[in-house]
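Each value in this text was obtained by applying a stated rule to the coordinates, not by laboratory testing. This one's a predicted model, so the numbers in the text were calculated from it and none came from an experiment. Please note: Cβ atoms are built from the backbone with ideal geometry, for glycine as well, and neighbour counts cover all protein chains shown.
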There are 2 protein chains.
Amino acid sequence: MGVLDSHVSFDELRELISTTLQQAGAARWVADILAANCAGCERDGALSHGVFRVAGYVKSLESGQTDGAAVPVLTNVGPSFLRVDAANGFAQPALVLAADTVDTMLDETGLAVVAVRDSHHFSALWPDIERFAERGFVALTMVVGGTRVVRPRGAVEPVFGTNPLAFATPVEGAPPIVMDFATSAMSHGDLQLARNAGRQVSLEVGTGVGGRDTTDPGEILAERGLLPFGGHKGSALSLMVEVLAGALTGGAFSFEADASASSAGPSPRTGQLVIVIDPRRGANEVFASRVAALANMLRGAGVSRLPADQRYQARARVLQDGIPVTPAISALFV
Amino acid sequence: MGVLDSHVSFDELRELISTTLQQAGAARWVADILAANCAGCERDGALSHGVFRVAGYVKSLESGQTDGAAVPVLTNVGPSFLRVDAANGFAQPALVLAADTVDTMLDETGLAVVAVRDSHHFSALWPDIERFAERGFVALTMVVGGTRVVRPRGAVEPVFGTNPLAFATPVEGAPPIVMDFATSAMSHGDLQLARNAGRQVSLEVGTGVGGRDTTDPGEILAERGLLPFGGHKGSALSLMVEVLAGALTGGAFSFEADASASSAGPSPRTGQLVIVIDPRRGANEVFASRVAALANMLRGAGVSRLPADQRYQARARVLQDGIPVTPAISALFV
């Protein structure tokens with residue numbers, strides 16, 4: 001890429017990110033997996049998990065907060081139940097390393113539960129499960145956010161992380177439906193992007209100094225005053241994520257994370273749970289066409305956008321034009 | 001119970017409900033299971049799924065919409081994966097009939113996924129999973145609401161049911177945390193109770209004639225204008241429930257239910273998914289004490305009420321005083 005080019009190819013960006021992460025101390029196989037993930041987020045317009053995050057990865061690697069050369073340890077604890085100790089490494093390479101075992105479980109039992117502990121997850125969740133839905137499986141995953149920035153209903157201090165969850169399902173004749181959202185009113189990345197861009201946020205996103213309502217994302221970040229989405233129901237879901245992706249996996253809770261570590265990126269030594277089910281088990285071969293009927297019903301009722309539609313549209317544009325070069329991408333090429 | 005008594009015992013209420021359901025055509029074993037469930041909701045103060053629902057059960061049985069003598073068919077489709085055809089019966093007896101198989105799966109594999117189809121679920125979800133958490137398991141369940149009363153973001157007509165989901169976890173030294181909520185802004189039962197009591201609801205609950213905002217629960221019910229909770233995230237969760245509890249189980253979607261059937265009660269021939277995991281698998285014996293630490297953190301941060309607290313408080317009062325007799329209970333004794 002020349003410095004004046006307005007677009008960069010996916011492969012070029014991926015390689016550049018991988019090189020950057022290797023220079024910061026990541027093993028090549030780890031750097032390649034993280035770079036594909038990060039460039040994929042940028043490609044799909046999910047900028048809050050794209051190149052914007054590279055500085056956090058680098059800081060986390062260079063500070064030693066995360067081990068970029070960690071070798072995950074897999075333990076089968078049941079015919080469909082895999083535990084993964086990410087050994088203070090990133091969650092994505094741990095999941096890639098587990099993929100063969102998971103595939104065998106799915107082949108043999110129609111089910112796989114993967115409980116990852118002692119891991120760091122700085123990215124979106126949809127890349128972790130989209131590939132299952134592309135092969136006919138449904139998949140549900142959740143991650144402990146790892147920095148206590150969210151105040152559940154009634155709390156006078158933050159307890160939860162942004163605790164995202166994601167779900168993917170095949171759709172016959174179309175790419176998978178993949179939803180992925182923070183159980184906080186806004187993701188931490190989007191809140192940072194809003195602050196950096198000088199944008200205000202809506203009143204239900206969080207509270208500021210003294211617990212007062214504010215639309216200033218900088219104040220919400222400083223006060224760690226993010227609220228869960230959807231009142232007590234979102235708060236309950238965030239609690240569920242701490243239990244399933246934290247306690248069940250054996251990872252840390254958000255409130256246990258070292259606050260000083262959060263500057264290097266979220267999710268220190270927490271966990272991730274992935275549940276994959278083969279809906280075709282039991283001769284339910286019509287599953288994907290049933291989901292397609294539901295999707296058609298929704299579009300017919302006037303729902304203009306289903307989860308992941310925007311990402312697929314961005315992905316198609318990139319295939320045509322390449323990835324638009326942002327200041328964050330330019331900075332990588334320096 | 002004398003007609004002037006202010007309280008009734010749990011056992012007395014349960015037997016009365018069972019007799020009523022048997023008179024409406026339910027087999028005794030089915031009636032006993034439904035009655036224990038219904039009386040349990042009343043006992044725990046969950047009135048929208050208590051005696052208030054008996055008329056709906058009776059109507060559903062007498063109209064033949066639901067088969068009160070159905071014999072569910074179980075099919076093991078994997079070492080941890082059970083399919084249940086409820087044969088147009090109620091979901092609760094199907095789950096009770098499946099309990100031994102599920103226990104064996106949990107013993108042998110640490111996991112159980114139960115996919116129930118062709119079932120009717122008129123009650124709360126927490127009674128289905130509380131008992132797993134009491135024995136040390138985490139459990140997640142969801143049900144397709146079965147009447148199209150919820151309009152996802154952007155829809156000009158209702159597509160989803162109220163599509164509840166519930167999650168239960170053990171807590172060392174305390175009763176389980178069990179959350180259970182509709183993915184709609186309010187449950188259909190609570191909306192009916194608000195209408196019957198002449199109460200207004202808040203503006204984000206639903207829309208009325210012409211899609212306009214309204215606080216009138218009667219108008220929301222008439223227009224089938226309920227909204228999902230929490231905007232597009234709640235809407236996405238409701239979609240997930242249709243996919244997992246509908247398409248995956250082989251049950252009907254909410255939008256496929258016969259609208260005329262809805263007067264007899266929700267959830268015609270839909271499905272329910274239950275996922276049970278043994279968090280102790282893999283030598284994670286500290287699980288329940290970790291959840292207790294999280295609960296303590298939340299209470300210490302000022303969260304006065306965790307999910308299920310209210311039910312346990314009501315349950316304790318009933319143990320002391322019996323169940324308060326409401327007009328709905330009085331009517332049963334006529």
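(1) in contact with a Ser or Thr (Cβ under 6 Å, 6 or more places away or on another chain); (2) within 19 Å of A:GLY25 (Cα to Cα): which one isn't true of A:ASP128, the others all being true?
Only one criterion is unmet by A:ASP128, namely (2).
In the stretch B:159-182, how many residues are assigned to a loop (DSSP other than H, G, I, E, B) and either at the interface with another protein chain (Cβ under 8 Å from one of its Cβ atoms) or free of Cβ contacts under 8 Å to residues at least 12 places away in the same chain (or both)?
1
List every residue pair whose Cβ atoms lie under 6 Å apart, where the two residues are 6 or more positions apart in sequence or sit on different chains, the first residue falls within the stretch A:27-51 and is among the basic types (Lys, Arg), and the second residue, located anywhere, is not in a helix (DSSP H, G or I).
From the stretch A:27-51, the pairs are A:ARG43/A:ILE323.
Would the stretch A:157-176 turn up any residue that is touching a His at 6+ places or on another chain (Cβ under 6 Å) and closer than 25 Å to A:TYR312 by Cβ?
yes
Looking only at residues that are at the interface with another protein chain (Cβ under 7 Å from one of its Cβ atoms) and charged (D, E, K, R) in the stretch B:219-261, which one is surrounded by the fewest Cβ atoms within 10 Å (Cβ to Cβ)?
Per the criteria, the residue is B:LYS233.
If you take the residues of the stretch A:282-311 that are at the interface with chain B (Cβ under 8 Å from one of its Cβ atoms) and among the small types (Gly, Ala, Ser), which of them is surrounded by the fewest Cβ atoms within 10 Å (Cβ to Cβ)?
Among them, the one singled out is A:SER304.
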